[in-house]
Amino acid sequence: MAVRFRLNGEMRAEDQAPPTMTVLDYLRGTARLTGTKEGCAEGDCGACTIVIGDKGNGATQYRAVNSCLMMLPQRDGCDVITVEGLARPDGALHPVQQALVEADATQCGFCTPGFVMAMLAFAQGGEEGTDENIHDALAGNLCRCTGYRPIVEACRKIAGQPESAIPAKPFPAMPPGAEYRQGDQVCFLPRTLDGCLTLRAKHPDALIF
(Lines give C-alpha, C1' and ligand atoms only; values in the text may rest on other atoms or scores of the structure.)
Protein backbone atom coordinates (compact mmCIF):
# COMPACT_ATOMS: atom_id res chain seq x y z
CA MET A 1 0.00 0.00 0.00
CA ALA A 2 1.28 3.45 -0.88
CA VAL A 3 0.90 6.51 1.33
CA ARG A 4 -1.38 8.81 -0.67
CA PHE A 5 -1.65 12.52 -0.02
CA ARG A 6 -1.77 15.87 -1.77
CA LEU A 7 1.34 18.03 -1.47
CA ASN A 8 0.94 21.67 -2.47
CA GLY A 9 -1.83 20.73 -4.87
CA GLU A 10 -0.05 17.73 -6.41
CA MET A 11 -1.29 14.22 -5.71
CA ARG A 12 1.42 11.83 -4.51
CA ALA A 13 1.64 8.11 -3.82
CA GLU A 14 4.78 7.18 -1.88
CA ASP A 15 5.68 3.51 -1.51
CA GLN A 16 9.47 3.68 -1.05
CA ALA A 17 9.86 5.69 2.15
CA PRO A 18 10.59 3.90 5.45
CA PRO A 19 7.55 3.90 7.77
CA THR A 20 9.63 5.78 10.35
CA MET A 21 10.56 8.65 8.01
CA THR A 22 9.27 11.93 9.40
CA VAL A 23 7.25 14.28 7.24
CA LEU A 24 10.05 16.83 7.71
CA ASP A 25 12.69 14.47 6.34
CA TYR A 26 10.43 13.59 3.41
CA LEU A 27 9.81 17.24 2.57
CA ARG A 28 13.44 18.30 2.76
CA GLY A 29 15.14 15.14 1.47
CA THR A 30 12.72 13.54 -0.97
CA ALA A 31 10.47 16.37 -2.13
CA ARG A 32 13.31 18.93 -1.90
CA LEU A 33 11.01 21.49 -0.30
CA THR A 34 13.57 23.13 1.95
CA GLY A 35 11.45 26.07 3.04
CA THR A 36 10.37 23.86 5.94
CA LYS A 37 13.26 24.13 8.40
CA GLU A 38 14.72 21.76 10.96
CA GLY A 39 15.51 23.53 14.20
CA CYS A 40 15.13 21.41 17.31
CA ALA A 41 13.63 18.23 15.77
CA GLU A 42 11.66 17.89 19.03
CA GLY A 43 8.53 19.92 18.35
CA ASP A 44 9.61 22.91 20.44
CA CYS A 45 10.73 25.62 18.00
CA GLY A 46 8.07 25.56 15.25
CA ALA A 47 10.56 26.04 12.40
CA CYS A 48 9.17 22.91 10.73
CA THR A 49 5.52 23.99 10.90
CA ILE A 50 3.31 23.00 7.98
CA VAL A 51 -0.46 22.99 7.48
CA ILE A 52 -2.40 19.78 6.96
CA GLY A 53 -6.00 19.19 6.02
CA ASP A 54 -8.07 16.18 7.08
CA LYS A 55 -11.50 15.29 5.79
CA GLY A 56 -14.04 15.67 8.57
CA ASN A 57 -17.82 15.52 8.14
CA GLY A 58 -17.37 16.11 4.43
CA ALA A 59 -15.30 19.27 4.87
CA THR A 60 -11.52 19.57 5.02
CA GLN A 61 -10.31 20.82 8.40
CA TYR A 62 -6.91 22.53 8.37
CA ARG A 63 -4.44 22.91 11.24
CA ALA A 64 -0.78 23.73 11.82
CA VAL A 65 1.45 20.82 12.85
CA ASN A 66 5.12 20.14 13.57
CA SER A 67 6.38 18.05 10.66
CA CYS A 68 9.35 16.81 12.71
CA LEU A 69 7.01 14.87 15.01
CA MET A 70 4.90 13.13 12.38
CA MET A 71 5.75 10.02 10.42
CA LEU A 72 4.89 10.05 6.74
CA PRO A 73 2.27 7.25 6.93
CA GLN A 74 0.31 9.40 9.39
CA ARG A 75 -0.44 11.79 6.55
CA ASP A 76 -2.17 9.18 4.43
CA GLY A 77 -5.27 10.72 2.85
CA CYS A 78 -4.33 14.28 3.88
CA ASP A 79 -3.80 17.63 2.20
CA VAL A 80 -0.26 18.85 3.00
CA ILE A 81 0.75 22.48 2.49
CA THR A 82 4.25 23.92 2.90
CA VAL A 83 5.42 27.50 2.53
CA GLU A 84 6.30 26.77 -1.11
CA GLY A 85 2.63 26.01 -1.71
CA LEU A 86 1.71 29.65 -1.07
CA ALA A 87 3.47 30.86 -4.23
CA ARG A 88 1.23 32.88 -6.54
CA PRO A 89 1.37 32.46 -10.34
CA ASP A 90 2.23 36.15 -10.75
CA GLY A 91 5.01 36.00 -8.17
CA ALA A 92 3.09 38.06 -5.61
CA LEU A 93 3.41 37.24 -1.95
CA HIS A 94 0.58 35.52 -0.13
CA PRO A 95 -1.29 38.01 2.14
CA VAL A 96 0.21 36.35 5.23
CA GLN A 97 3.72 36.81 3.86
CA GLN A 98 2.94 40.38 2.82
CA ALA A 99 1.68 41.21 6.30
CA LEU A 100 4.98 40.02 7.81
CA VAL A 101 6.95 42.13 5.33
CA GLU A 102 4.91 45.26 6.04
CA ALA A 103 5.31 44.78 9.79
CA ASP A 104 9.10 44.30 9.51
CA ALA A 105 8.49 41.02 11.31
CA THR A 106 11.52 39.08 10.12
CA GLN A 107 15.24 39.41 10.73
CA CYS A 108 17.43 36.33 10.27
CA GLY A 109 14.47 34.60 8.59
CA PHE A 110 15.05 31.06 9.83
CA CYS A 111 11.82 30.98 11.81
CA THR A 112 9.77 32.89 9.24
CA PRO A 113 8.38 29.95 7.19
CA GLY A 114 7.09 28.34 10.36
CA PHE A 115 5.39 31.54 11.47
CA VAL A 116 3.87 31.96 8.00
CA MET A 117 2.29 28.52 8.21
CA ALA A 118 1.05 29.01 11.78
CA MET A 119 -0.51 32.32 10.73
CA LEU A 120 -2.05 30.69 7.66
CA ALA A 121 -3.80 28.11 9.84
CA PHE A 122 -4.95 30.91 12.16
CA ALA A 123 -6.41 32.88 9.25
CA GLN A 124 -8.13 29.75 7.97
CA GLY A 125 -9.80 29.24 11.34
CA GLY A 126 -11.51 32.63 11.10
CA GLU A 127 -10.90 33.58 14.74
CA GLU A 128 -10.88 37.18 15.94
CA GLY A 129 -7.50 38.87 16.22
CA THR A 130 -7.49 39.15 20.01
CA ASP A 131 -4.23 38.94 21.93
CA GLU A 132 -5.31 35.64 23.47
CA ASN A 133 -6.20 34.05 20.13
CA ILE A 134 -3.01 35.26 18.46
CA HIS A 135 -0.78 34.16 21.32
CA ASP A 136 -2.41 30.72 21.28
CA ALA A 137 -1.94 30.44 17.51
CA LEU A 138 1.75 31.37 17.69
CA ALA A 139 2.60 29.61 20.96
CA GLY A 140 4.40 26.78 19.16
CA ASN A 141 6.78 29.04 17.25
CA LEU A 142 9.96 30.62 18.61
CA CYS A 143 11.83 33.70 17.37
CA ARG A 144 15.10 34.92 18.87
CA CYS A 145 15.34 38.15 16.85
CA THR A 146 12.17 40.23 16.76
CA GLY A 147 10.76 40.16 20.27
CA TYR A 148 7.45 38.96 18.73
CA ARG A 149 5.65 42.33 18.69
CA PRO A 150 5.79 42.82 14.88
CA ILE A 151 4.84 39.18 14.33
CA VAL A 152 1.80 39.58 16.58
CA GLU A 153 0.82 42.75 14.72
CA ALA A 154 1.14 41.00 11.37
CA CYS A 155 -1.04 38.18 12.65
CA ARG A 156 -3.63 40.66 13.90
CA LYS A 157 -3.76 42.23 10.44
CA ILE A 158 -4.68 39.00 8.66
CA ALA A 159 -7.18 37.79 11.27
CA GLY A 160 -10.62 37.30 9.79
CA GLN A 161 -9.47 38.19 6.27
CA PRO A 162 -10.77 35.61 3.76
CA GLU A 163 -8.01 36.43 1.28
CA SER A 164 -5.46 35.38 3.90
CA ALA A 165 -6.90 31.89 4.21
CA ILE A 166 -6.03 28.77 2.25
CA PRO A 167 -7.18 28.97 -1.38
CA ALA A 168 -10.17 26.72 -1.95
CA LYS A 169 -9.11 23.73 -4.01
CA PRO A 170 -11.27 20.61 -4.26
CA PHE A 171 -9.64 17.84 -2.27
CA PRO A 172 -10.68 14.33 -3.35
CA ALA A 173 -11.75 11.90 -0.67
CA MET A 174 -9.26 9.06 -0.35
CA PRO A 175 -10.34 5.94 1.55
CA PRO A 176 -7.77 5.52 4.33
CA GLY A 177 -5.43 2.58 4.14
CA ALA A 178 -5.12 0.02 6.91
CA GLU A 179 -1.34 -0.35 6.92
CA TYR A 180 1.87 0.66 5.18
CA ARG A 181 4.72 -1.81 4.60
CA GLN A 182 8.30 -1.24 3.52
CA GLY A 183 10.72 -4.15 3.74
CA ASP A 184 10.37 -5.82 7.13
CA GLN A 185 8.72 -2.76 8.69
CA VAL A 186 4.99 -2.22 8.90
CA CYS A 187 2.99 0.77 10.09
CA PHE A 188 -0.61 0.09 11.07
CA LEU A 189 -3.05 2.96 10.59
CA PRO A 190 -6.05 2.38 12.87
CA ARG A 191 -8.84 4.95 12.53
CA THR A 192 -10.78 4.12 15.69
CA LEU A 193 -9.96 3.54 19.35
CA ASP A 194 -11.25 -0.03 19.12
CA GLY A 195 -9.00 -0.66 16.14
CA CYS A 196 -6.03 0.74 18.04
CA LEU A 197 -6.72 -1.41 21.09
CA THR A 198 -7.09 -4.53 18.95
CA LEU A 199 -3.72 -3.91 17.30
CA ARG A 200 -2.14 -3.15 20.67
CA ALA A 201 -3.31 -6.51 21.99
CA LYS A 202 -1.86 -8.32 18.97
CA HIS A 203 1.41 -6.36 18.95
CA PRO A 204 2.21 -5.38 22.56
CA ASP A 205 5.79 -4.40 21.71
CA ALA A 206 4.86 -2.11 18.82
CA LEU A 207 6.04 1.51 18.83
CA ILE A 208 3.10 3.90 19.08
CA PHE A 209 3.32 7.36 17.51
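Say we look at region 74-122 and pick out the residues that are of a type in the set (F, W, Y) and touching a strand residue (DSSP E or B) at 6+ places or on another chain (Cβ under 9 Å); which of these is farthest from K37 (Cα to Cα)?
F122
The set of residues in region 84-104 that are over 14 Å from E163 (Cβ atoms), in contact (Cβ under 8 Å) with a residue 24 or more places away in the chain and either assigned to a helix (DSSP H, G or I) or in contact with a Lys or Arg (Cβ under 6 Å, 6 or more places away or on another chain) (or both) comprises E84, G85, L100, E102. Among the criteria (1) surrounded by 14 or more Cβ atoms within 10 Å (Cβ to Cβ); (2) more than 15 Å from the chain's Cα centre (by Cα); (3) within 14 Å of Q161 (Cβ to Cβ), the one Q107 does not fulfil is (3). One residue alone among I81, I134, I151 is in contact (Cβ under 8 Å) with a residue 60 or more places away in the chain and surrounded by 22 or more Cβ atoms within 10 Å (Cβ to Cβ), and that residue is I81.
Any idea which residue in region 26-81 is modelled with the lowest pLDDT, counting only those that are of a type in the set (S, T, N, Q) and either farther than 16 Å from V116 by Cα or assigned to a strand (DSSP E or B) (or both)? Selected residue: N57. Those helices (runs of 4 or more DSSP H) of region 131-209 in which at least 3 residues are modelled with pLDDT under 90, considering only elements entirely within it, cover 193-202. Close Cβ contacts (under 6 Å, 6 or more residues apart or on different chains) running from residues in region 108-120 that are within 17 Å of G147 (Cα to Cα) to residues that are surrounded by fewer than 24 Cβ atoms within 10 Å (Cβ to Cβ) and among the hydroxyl-bearing types (S, T, Y) comprise T112/T106. For region 68-76, the criterion of being among the basic types (K, R) and surrounded by 18 or more Cβ atoms within 10 Å (Cβ to Cβ) is satisfied by at least one residue.
Sort through Q97, Q107 and tell me the only one that's at pLDDT below 95 and either farther than 30 Å from M1 by Cα or of a type outside the set (D, E) (or both). Explain how you work it out, then say what you get.
Numbers: Q97 fails: at pLDDT below 95.
Within the list Q97, Q107, the selection yields Q107.
Among residues of region 185-201 that are touching a residue at least 24 places away in the same chain (Cβ under 8 Å), those with a beta-carbon under 9 Å from a residue that is among the hydroxyl-bearing types (S, T, Y) and surrounded by 10 or more Cβ atoms within 10 Å (Cβ to Cβ) at least six positions away or on a different chain give the pairs Q185/T20; V186/Y180; C187/T20; C187/Y180; L189/Y180.
Every residue, every condition in (1) surrounded by 19 or more Cβ atoms within 10 Å (Cβ to Cβ); (2) of a type in the set (D, E, K, R), yes or no:
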| residue | (1), (2) |
| --- | --- |
| E10 | no, yes |
| Y26 | yes, no |
| T36 | yes, no |
| G43 | no, no |
| I50 | yes, no |
| R63 | no, yes |
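Being of a type in the set (S, T, N, Q) and either more than 17 Å from Q74 (Cα to Cα) or assigned to a loop (DSSP other than H, G, I, E, B) (or both) is the filter; apply it to region 9-25 and report the residue that is farthest from the chain's Cα centre (by Cα). Result: Q16.
In this entry, R6 passes the filter for residues that are part of a strand (DSSP E or B) and modelled with pLDDT under 95.
The values are calculated or read from the model by the stated rules, or taken from the named source; none is laboratory data. Just so it is clear, the model here is predicted, and its values are computed rather than measured. Reconstructed Cβ throughout: ideal geometry from the backbone, glycine too, with neighbour counts over all protein chains shown.
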